[in-house]
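Trainee: This is the structure I have questions about; it appears just below.
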Amino acid sequence: MPWKASVLMNERIRFISRLLEGEKMAELCREFGISRKTGYKFWNRYQENELYALNDRIRRPYRFANQLPEQITQHILKIKRQRPSWGAPKIQELLKRKYPEIHSPARSTIHCILDRHGLVKRHKKRRGKAQGTPLLATQTPNDLWCADYKGEFTLTDRRYCYPLTITDYASRFILACEALESTSTSGSFDVFERAFKEYGLPKAIRSDNGHPFASPMALFGLSRLSVWWLRLGIFVERIKPGHPQQNGRHERMHLTLKQEATRPAGDNLLQQQEKFDIFVDEFNNERPHQALGMKFPAEVYKASPRIYTGVQDITYPFHDRTVTVTHCGRICISKLKINLSQVFAGQDVGLKEVQDGIWLVSFMEYDLGYFDETSKRFEPLPYPFAPKIV
């Protein structure tokens, strides 16, 4: 299959597809340059979760904007081009008059159509500045996991490999080292979910401020991935930008990984994954560690007693109301539309009126901030998601 086909179907799916077509495991493994152990690993993943476990997940929006008839859409664009200074309210009024027989689209829908066609002037947004969070010091396994993408490198087939690694802070045990085709959020979801299923849940995860762990422009620098961690009851830590020593144990492991598993690089992603698997097994079970009193990481690490069961429903019994954040990141109550953050899209938040017209916004047990009905502006509280330093 041509190299460009990887855009539509990645290597792992091609491997499984050919097995399903009846080709022999041994012959396919020889062709891809991997051992049968690695081949069976991906086959077992497929049998457990089918293609869901092998490729990026399809994560559709929680809800879609109302889809308008093409005639209405074109009329909206025509009005805007004829009268560039007009905004959604005036265009909506003209639509009501021209098409009284249909339900007029909302102003926000009209604005989205104009924006999608480049007819809305955008004010320059200030670039968010990444911030570190309080950091936990612990010597107990599963109190803290560390995660990062080791810098990308080129495989023999000239494709890039992006290794996602997860380690236990106290024991240095490598929980995952996955050769991925990109740093996409969906790919990282899959890796973390497999780690949670195998080893249980940590109390906290530490990362840098890069994608997909953080979003500098979002509220508290969160991302969809870190919001998922919060839903699972995991605290979120981030190192201070420009201070990789705050994740020094993990960075030191990356140096060893680079020296022993990427030089030379594999011929393809499957072969590179096999090199990573061999390295992880040796690192965890055969390499004495000075900082551990010359023990192996596997002799120190124990799986977490917190079993992964997926996210649980959120309830807010002590709040006045529960609201689901819209796909565009807004809280909508009555005619009020409060901008919160798109990383909370589809999540339920609790609202409590603490004074007349002033509302507290909470997510799970965390208080996010306040908005008032007059200014409609959300004001965040200090970062609430780091574990308490004791």
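The values are calculated or read from the model by the stated rules, or taken from the named source; none is laboratory data. Quick caveat, the model's predicted, so the values are computed rather than measured. Glycine gets a Cβ as well: all are built from the backbone with ideal geometry, and neighbour counts include every protein chain shown.
Trainee: Mind listing whichever residues of the range 146-167 are more than 16 Å from the chain's Cα centre (by Cα), part of a strand (DSSP E or B) and touching a residue at least 40 places away in the same chain (Cβ under 8 Å)?
Mentor: So the first thing to find is which residues in the range 146-167 are more than 16 Å from the chain's Cα centre (by Cα), and the list is 150-161, 167.
If we keep only those that are part of a strand (DSSP E or B) too, we end up with 153-154, 160-161, 167.
Residues satisfying the conditions are Phe153, Thr154, Cys161, Thr167.
Trainee: Kindly provide the set of residues from the range 331-376 that are farther than 19 Å from Ala214 by Cβ and among the hydroxyl-bearing types (Ser, Thr, Tyr), ordered by number.
Mentor: Ser334, Ser362, Tyr370, Thr374, Ser375
Trainee: Separate question: Checking Ala137 against (1) of a type in the set (A, V, I, L, M); (2) more than 26 Å from Arg263 (Cα to Cα); (3) surrounded by 17 or more Cβ atoms within 10 Å (Cβ to Cβ), which test does it fail?
Mentor: Checking Ala137 against (1) of a type in the set (A, V, I, L, M); (2) more than 26 Å from Arg263 (Cα to Cα); (3) surrounded by 17 or more Cβ atoms within 10 Å (Cβ to Cβ), the one that fails is (3).
Trainee: Identify all residues within the range 334-351 that are farther than 19 Å from Met217 by Cα and surrounded by 15 or more Cβ atoms within 10 Å (Cβ to Cβ); write none if there are none.
Mentor: Within the range 334-351, Asp348, Val349, Gly350, Leu351 qualify.
Trainee: Another question about this same structure. Does Leu255 qualify as being at pLDDT 90 or above and either in contact with a Phe, Trp or Tyr (Cβ under 9 Å, 6 or more places away or on another chain) or under 28 Å from Gln342 (Cβ atoms) (or both)? Quick ask: steps written out before the conclusion?
Mentor: Working: at pLDDT 90 or above: yes; either in contact with a Phe, Trp or Tyr (Cβ under 9 Å, 6 or more places away or on another chain) or under 28 Å from Gln342 (Cβ atoms) (or both): no.
When the stated conditions are applied, Leu255 does not pass them.
Trainee: From Arg206, Arg238, Arg252, grab the single residue that is surrounded by fewer than 22 Cβ atoms within 10 Å (Cβ to Cβ) and assigned by TED's automatic domain parsing to the domain that holds Phe192. Spell out the reasoning first.
Mentor: Numbers: Arg206 fails: surrounded by fewer than 22 Cβ atoms within 10 Å (Cβ to Cβ); Arg238 fails: surrounded by fewer than 22 Cβ atoms within 10 Å (Cβ to Cβ).
Just one listed residue meets the conditions, Arg252.
Trainee: Next question. Which residue pairs have Cβ atoms under 9 Å apart, sit 6 or more places apart or on different chains, and have a first residue in the range 126-139 that is modelled with pLDDT of 65 or more and a second that is exposed (fewer than 10 other Cβ atoms within 10 Å of the Cβ) and part of a loop (DSSP other than H, G, I, E, B)?
Mentor: Here the result reads Pro134/Lys388; Pro134/Ile389; Leu135/Ile389; Leu136/Lys388; Leu136/Ile389; Leu136/Val390; Ala137/Ile389, each pair linking the range 126-139 to a residue that is exposed (fewer than 10 other Cβ atoms within 10 Å of the Cβ) and part of a loop (DSSP other than H, G, I, E, B).
Trainee: Follow-up question, since we're still on this one. What are the residues in the range 324-359 that are among the charged types (D, E, K, R) and under 19 Å from Cys112 (Cβ atoms), if any?
Mentor: Of the range 324-359, the ones among the charged types (D, E, K, R) are 330, 335, 337, 348, 352-353, 356.
Passing the criteria: Arg330, Lys335, Lys337.
Trainee: Also, quick follow-up: Looking only at the range 189-228, which residues are on the phi > 0 side of the Ramachandran plot and outside any helix (DSSP H, G or I)?
Mentor: Taking the range 189-228 first, the residues on the phi > 0 side of the Ramachandran plot are 200, 220-221.
Across the range 189-228, the qualifying residue is only Gly200.
Trainee: Now, a different point. Which of the following residues is at pLDDT below 90 and over 30 Å from Ala137 (Cβ atoms): Asp356, Asp320? Break it down stepwise before answering.
Mentor: On the way: Asp320 fails: at pLDDT below 90.
It is Asp356.
Trainee: Among (1) hydroxyl-bearing (Ser, Thr, Tyr); (2) outside any loop (DSSP other than H, G, I, E, B); (3) crowded, with 22+ Cβ neighbours inside 10 Å, where does Ser186 come up short?
Mentor: Every listed condition holds for Ser186 apart from (3).
Trainee: I'm trying to understand the selection: among the residues of the range 277-291, which are part of a helix (DSSP H, G or I) and either crowded, with 16+ Cβ neighbours inside 10 Å or at pLDDT below 95 (or both)? Steps first, answer last, please.
Mentor: Within the range 277-291, the subset part of a helix (DSSP H, G or I) is 277-285, 290-291.
Listed by number, the residues that qualify are Asp277, Phe279, Val280, Phe283, Asn284, Gln290, Ala291.
Trainee: For residues that are touching a Pro at 6+ places or on another chain (Cβ under 8 Å) and surrounded by 21 or more Cβ atoms within 10 Å (Cβ to Cβ), tally how many sit in the range 151-169.
Mentor: The qualifying residues number 1.
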